[in-house]
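The block underneath contains the structure these notes are about, expressed in structure tokens.
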Amino acid sequence: MQPPKPNLADYPEIPPGCLTNYNETHKLFQVYRNIRVVDPKTGKRKGSRETIGSIRGNVFKISSTYALKLKNQE
């Protein structure tokens, strides 16, 4: 049985527009957002997910890939 979904408003470090998905194997909530990626060869858009981090035991842990993206934007 899955635990109740966390309220993302309780985590100010999570950007707006994020969603959660429960991972039964690792017993945590994955935090992600849907993004559109343009294929450079065809020019068509395709849907993708960007992982923001995870929530386990009411503790948010940022994804290392997302942390690098934020650092590179600075």
* **Cα long-axis angle, helix 64-73 against the chain (0 to 90 degrees, to the nearest 10)** => 50 degrees
* To do: Could you pull the accessible area for Leu70 with a 1.4 Å probe, rounded to 10 Å²?
  => 70 Å²
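Give, to the nearest whole percent, the P(r) tail of the chain beyond 16 angstrom, counting all Cα pairs.
When all Cα pairs of the chain are counted, 55 percent exceed 16 Å.
Using a 1.4 Å probe on the protein heavy atoms, what percent of the accessible area of the chain belongs to carbon and sulfur? Before the final figure, lay out the partial values.
Working: 3040 of 5870 Å².
Exposed carbon and sulfur together represent 52 percent of the surface.
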* Hey, got the dipole for the chain? About the Cα centre, +1 on K and R Cβ, -1 on D and E Cβ, debye to the nearest 20? -> 360 debye
* Structure fact -> Here the relative contact order (percent) of the chain, from C-alpha pairs under 8 Å and at least 6 apart, is 21 percent
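Mind ranking Val37, Val59, Val31 by accessible surface for me, highest first, 1.4 Å probe?
Working: Val37 65, Val59 90, Val31 0 Å².
I get Val59, Val37, Val31, largest accessible area first.
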* To do: Could you state the accessible area per residue of the chain in Å², with a 1.4 Å probe and every protein chain left in place?
  => 79 Å²
* Would you kindly derive the ³J(HN,Hα) couplings of the range 32-42 from the backbone phi angles with the Karplus curve 6.51 cos²θ - 1.76 cosθ + 1.60 (θ = phi - 60°), listing them in order in whole Hz, with x for Gly and Pro? => 8, 9, 7, 10, 10, 10, 9, 6, x, 6, 9
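The values are calculated or read from the model by the stated rules, or taken from the named source; none is laboratory data. Nothing here was measured: the structure is a model prediction, and the numbers come from that model. Cβ coordinates were reconstructed from backbone atoms using ideal geometry, including for glycine residues, and neighbour counts include every protein chain displayed. Side chains included, ligands, DNA and RNA excluded: accessible areas come from the protein's heavy atoms. Shrake-Rupley method; radii C 1.70, N 1.55, O 1.52, S 1.80 Å.
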